[in-house]
Amino acid sequence: MSGKPKFAGNNSPPAIVTNAKNRIAYNIVRSLGEKGIDVYTADFVPHSMSFSSRYSKGNFLYPSPFRDQQGFVDCLKKRTSALKSCVLIPVFEETFLVAKYRHELSCHAKMVVPDYDQVLTAHNKDRWEPIARACGIPVPETYAVDELRAQAGRIDNLRYPLLVKPKQGGGAWAIKQINSKRELLDLLGRDLYCEQSWDRFFIQEKINGESHCVAMLFNHGELRAQITYRQLRDYPVTGGQATLRVSIRNPHAESYLKKLLQEMNWHGVCQADFIVEKKRDISYLIDVNPRFWGSLSQAIASGVDFPSLLYEIAVNGDVDPVETFKTGVVTRWLAGDLRTFFPALRNSKNRLDFIRQFFLPRRRSELYDDFCWRDPLPLFMWCYDTAYKVFKHGSLQPVVHDSLDGIWE
């Protein structure tokens, strides 16, 4: 089967895409809009990048899902009810809230999201790890902070370096490398870490190797599409979101994520990060993201149009499986990659070669996350939003508009 989505042009139901300030949402808007689907963009930030897209038929503001959850849900219910038979596509962590209130929202809109309990299981590393181990999926050795404090002798047998990681969270937030027993004891002696309680974190063995990522779309436990890519450059450069990547095959990682999501009877999109230890050729599962992910453009450029496939499942109940994807395709997050330039330059062994490859790469990017010649305004709006945040907070460091202070539970 080809897996090519089948739409009825202007007769197709409209779509509402949330988190319009996000480049992920922009790729969804661009994908659906190019196929003639009416797309409405939404966020709590007035100058969101997708608002200015030529493919956005209209936009609206909703209350912050982090500060006013009920207001956010009520606004979506009102807007989806007004559009009638629309498709609601949540993008980032607001996906979790949509899943939590799925039964209320599904009365007004079609959507493809997992159950809230599934979301919590996939989002919490201490919940999906036992399932992964039971499925025979390689996972780095992990230690609870309380256990290490209670069993001081156990620290002597740990292999360094180690990593402090949050049970929930992404984008390299709060991750710290520990290189010795002394560093670990000093850290465990503190009452708080990153101004948060220690029960939000755990200690994990660090695996050295390449970062491979696998993303999949499931329809009630049945695989419908997948993509695998290798991260070539990250922001932050010490390990974060991919700014440059290339599509590859990794049969082990692909089979591991498929097995995990089948075990969970997954419904919707999901992405996972693996570290491939080259010496033993073992793909270790590191993180699971139960939502759309930053490198969505990689899948679209490689022939797996996740937004369109998800839209068709929402409208028609299913879609023909996409059984292949193009390898060797390079995509780039332009704004993020520019931010990596100086840190990556400092870490490069051959700086002249790095500069040449950065600006004149051998393999050109087939798609950018945040820029398209046919639709250039969203990138300029993103630049405006970034400048606004810099002026407002008086810092050159990127600051999020709003985020969740606690954890999803």
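No value in this document is a laboratory result; all are computed from the given coordinates. All of these numbers come straight from a predicted model, not from anything done at the bench. Here Cβ is always computed from backbone atoms with ideal geometry, including for glycine, and neighbour counts include all displayed protein chains.
Structure summary
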item	result
Dipole-positive endmost among 174, 197, 148 within the range 141-205 (Cβ charges, Cα centre)	174
Per principal axis, descending, Cα span of the chain in whole Å	66, 51, 49
Proximal lysines relative to residue 279, as straight alpha-carbon distance under 26 Å, when same-chain residues fewer than 8 apart are discounted	125, 165, 176, 181, 206, 258, 259, 349
Where chymotrypsin sites (Phe, Trp or Tyr not before Pro) fall in DSSP loop in the range 158-227, at most 16 other Cβ within 10 Å	173
Karplus 3J(HN,Hα) series, Hz, for the range 303-316 with 6.51 cos²θ - 1.76 cosθ + 1.60 (x for Gly, Pro)	x, 10, 8, 3, x, 5, 5, 5, 4, 5, 4, 4, 7, 9
Taking 293, 373 and counting other C-beta atoms within 10 Å, the order from fewest to most	373, 293
In range of the label at residue 316: residues from the range 96-139 whose backbone nitrogen is under 18 Å from the point 7 Å along Cα→Cβ	110-112
Footprinting exposure proxy for 213, 86 (fewest neighbouring C-beta atoms within 10 Å first)	86, 213
Whole-Hz couplings from phi, Karplus 6.51/-1.76/1.60, listed for the range 371-383; x for Gly and Pro	8, 8, 4, 6, 8, x, 4, x, 5, 5, 5, 4, 4
Distant-in-sequence amide H partners of residue 333 (H built 1.01 Å from N, under 5 Å)	244, 369
Integer Hz, Karplus 6.51/-1.76/1.60 couplings in order for the range 90-95, x for Gly and Pro	x, 10, 10, 5, 5, 4
Residue 141 long-range amide H proximity, modeled H, under 5 Å	205
Residue exposure sequence - 222, 94, 147 - by fewest surrounding Cβ within 10 Å	147, 222, 94
Net charge over other residues, Cβ less than 15 angstrom from the Cβ of residue 104 (K, R count +1; D, E count -1)	+3
Helical mean residue ellipticity (222 nm; -39500 (n - 2.57) per DSSP H run of 4+; nearest 500) of the chain	-10000 deg cm²/dmol
11 Å beta-carbon shell around residue 274, net charge (K/R +1, D/E -1)	-4
Hits among lysines - C-alpha to C-alpha of residue 110 under 18 Å, sequence gap 8 or more where chains match	6, 77, 78, 84, 100
Environment charge of residue 33, counting only residues whose C-beta is closer than 10 Å and scoring Lys/Arg +1, Asp/Glu -1	+1
